[in-house]
Structures are given as structure tokens and as C-alpha cells.
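The values are calculated or read from the model by the stated rules, or taken from the named source; none is laboratory data. None of these values were measured; they are calculated from a predicted model. FYI the Cβ positions are ideal-geometry reconstructions off the backbone, even for glycines, and counts take in every protein chain you see. The area values use the complete protein model at the heavy-atom level, side chains included, leaving out ligands, DNA and RNA. Shrake-Rupley method; radii C 1.70, N 1.55, O 1.52, S 1.80 Å.
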2 protein chains.
Amino acid sequence: MNLCPKVEKAMQLLGKRWTGLVVKQLLDGPQRFSEIKAGFPISGKLLTERLKELEDEGIVTRKVYAEVPVRVEYTLTEKGRALQSVIGAIEHWAHDWLEVGEHAQ
Amino acid sequence: MNLCPKVEKAMQLLGKRWTGLVVKQLLDGPQRFSEIKAGFPISGKLLTERLKELEDEGIVTRKVYAEVPVRVEYTLTEKGRALQSVIGAIEHWAHDWLEVGEHAQ
DNA sequence: GTATTTTGTTACCTTTCGTAACTTAATATA
DNA sequence: TATATTAAGTTACGAAAGGTAACAAAATAC
């Protein structure tokens, strides 16, 4: 069986460090840069990079509020919200099968 | 909201290059090293590494057949087969939302 | 003019990844 | 006996991705 290019692309997207967590974070609603960053230990550099990638893929939109200091809010598009099924499946599997602090026996 | 350690661990597992594709490949049934490798352009070095990680997590089992030349077969455990829900969700999302060869508008 | 705050960006170093040559082990062939 | 064959790795080395911490921009308050 040869691999479907769409699935390959999805895998390469989600198979990047932090991407899943960024999407999961945004499933709770629109958030600004600093809020996402506070959710897990990603560096500012990488968060910028990941958000740019997700924006390029039409998964996230970026809105700048010209306040002082500036506020930038990131929101999932419909395409992004559809990833809820994937994130949900991961959470379900994690709760069913993972033990933290040790390896599987 | 603070992140559940199980979900964090799952994300860090699946958020590694090739891991999702290795699991997807093995969902079709047990396969030997070379068969998995033929499924997508992963290097032997990385495939060894990923399979070792998945084995350490109890997601995959490794069986050596002392034939000539040697045959090594990898099989998903029940924990591994449970990832079918995750892989399935990714495939579904990919078919619903991705276009190959161009970016989202 | 200086301080403050958020959202990046840059420089620099470390870790991970990719490639290609090599190793091992058991047999078959010359 | 020597050489070839084959699958499954392993190793060395250069390239790409990731982490850290200092810096920049922009607009306002002091």
C-alpha cells in the first residue's frame, strides 16, 4: 500500500514538536501569544515558527490589536477546529494507556 | 488550564518525526524492518531509533527469526493497536481538509 | 528622555536528523 | 578455502532543527 499524500502531509504537520499542543491550547478558544506560551515549555522562537506554519496552512488566524503594548490573538479556523477529533483521540488514548513516571511493563 | 502529564507524554511521542507513520504502517499487520522502511522515506538509522522507542513504550514488540538472512518482525501490542483511533482521526481530517500541492487560501 | 510591556527576532550553541559506508551472521557458490 | 549474498542494523560525519538569552520595535506613562 502506498501512502496517500494528504495523510502524509497531515502526519508531517502533526509530527512536528509542539504543533499538537498549540492546536490543543487553541481549542479552548482564541488566545494571545503569551497565553499559548504559558501553556507548555515552548520557546518564543519556536512558538512564532509553529504559529506561522499553522497560519500558512489555514489552521490558525492571527489578529493584531494596536493597543499598548500590542496584543496579538490567535484563533483556530474551521479547518483548525476540525482537528478536535484528532486531539480528542490522542487525549482518550493517553488516559486509557499511559502511566506517567514509568515505562510500560 | 494546566496540561495533563499523560496527554503531554502522548503529544511528545506522536509529535516526533515518523512515529505516526510507523504506527499507521503496523496497523496493516506485523511487518519486518525492510517492509516498514519501504513505506515512506525514513532512514534506517531513524527507523531503528523510532522502533526502539515504540518498543520501550510497549506499543510495539520485536521478534527475531534466526533465518538466513535474519528476519525481524515488528507487531503492534494492544496499546499500539489502540492508536488506530488517533491514526484514523488524522486520516479523516486529512481527507476532509487538505489539498496537496498548494496551500490553503 | 526613560521606563514599561508584549511580541517577536537574532546570534550562538546543542541536539536531532540524513547519508553513506561499514558490520554481523549464516549460508551458497566458485 | 575464499568470496558473495542478504537483512538488519551501526557508525561517522555534515546538515537541519531546536533551545537560550540578549536585543529590537512600538506606543504610551512618567
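Go through segment A:47-84 and count every residue that is of a type outside the set (Ser, Thr, Tyr), open to solvent by 40 Å² or more (accessible area, probe 1.4 Å) and within 15 Å of DNA strand D (Cβ to nearest atom).
Step one: list which residues in segment A:47-84 are of a type outside the set (Ser, Thr, Tyr), which gives A:47, A:49-60, A:62-64, A:66-73, A:76, A:78-84.
Next cut, open to solvent by 40 Å² or more (accessible area, probe 1.4 Å) only: A:49, A:52-53, A:55-56, A:62-64, A:66-71, A:73, A:78, A:81, A:84.
With the extra rule that they be within 15 Å of DNA strand D (Cβ to nearest atom), the set shrinks to A:49, A:52-53, A:56, A:64, A:66-71.
Summing the residues that are of a type outside the set (Ser, Thr, Tyr), open to solvent by 40 Å² or more (accessible area, probe 1.4 Å) and within 15 Å of DNA strand D (Cβ to nearest atom) in segment A:47-84 gives 11.
Given (1) under 16 Å from B:Leu27 (Cα atoms); (2) away from DNA strand D (no atom under 16 Å from the Cβ); (3) part of a helix (DSSP H, G or I), where does B:Trp93 come up short, assuming only one miss?
Condition not satisfied by B:Trp93: (1).
Return yes or no: is A:Ala38 over 14 Å from the mean Cα position of the chain (by Cα), surrounded by fewer than 17 Cβ atoms within 10 Å (Cβ to Cβ) and more than 27 Å from B:Ile36 (Cβ to Cβ)? Give the steps one after another, and end with the answer.
On the way: over 14 Å from the mean Cα position of the chain (by Cα): no; surrounded by fewer than 17 Cβ atoms within 10 Å (Cβ to Cβ): yes; more than 27 Å from B:Ile36 (Cβ to Cβ): yes.
Answer is no for this residue.
Restricting to segment A:46-100, what's the tally of residues that are out of contact with any helix residue (DSSP H, G or I) (no Cβ under 7 Å at 6 or more places or on another chain), of a type in the set (Gly, Ala, Ser) and at the interface with another protein chain (Cβ under 8 Å from one of its Cβ atoms)?
Here the count works out to 1.
Can you name the helices (runs of 4 or more DSSP H) wholly within segment A:1-58 that have at least 2 residues being under 17 Å from B:Lys9 (Cβ atoms)?
Values: elements: A:5-14, A:19-26, A:33-39, A:44-56.
The helices (runs of 4 or more DSSP H) meeting that bar are A:19-26.
Find all pairs meeting these conditions: Cβ atoms under 6 angstrom apart; at least six residues apart or on different chains; first residue within segment B:48-64 and within 18 Å of B:Leu21 (Cβ to Cβ); second residue within 11 Å of DNA strand C (Cβ to nearest atom) and open to solvent by less than 80 Å² (accessible area, probe 1.4 Å).
Pairs found: B:Arg50/B:Trp18; B:Arg50/B:Thr19.
Mind listing just one residue for me: the one in segment A:18-29 that is surrounded by 14 or more Cβ atoms within 10 Å (Cβ to Cβ) and free of Cβ contacts under 8 Å to residues at least 60 places away in the same chain and, of those, farthest from the other protein chains (Cβ to nearest Cβ)?
It comes out as A:Leu26.
Could you figure out which of (1) more than 12 Å from chain B (Cβ to nearest Cβ); (2) open to solvent by less than 20 Å² (accessible area, probe 1.4 Å) isn't true of A:Gly15?
If we test A:Gly15 against (1) more than 12 Å from chain B (Cβ to nearest Cβ); (2) open to solvent by less than 20 Å² (accessible area, probe 1.4 Å), just (1) comes out false.
Go through (1) away from chain B (no Cβ under 12 Å); (2) over 23 Å from A:Val7 (Cα atoms); (3) without any contact (Cβ under 8 Å) to a residue 24 or more places away in the chain and name the single condition A:Phe40 misses.
Of the numbered conditions (1) away from chain B (no Cβ under 12 Å); (2) over 23 Å from A:Val7 (Cα atoms); (3) without any contact (Cβ under 8 Å) to a residue 24 or more places away in the chain, the odd one out for A:Phe40 is (1).
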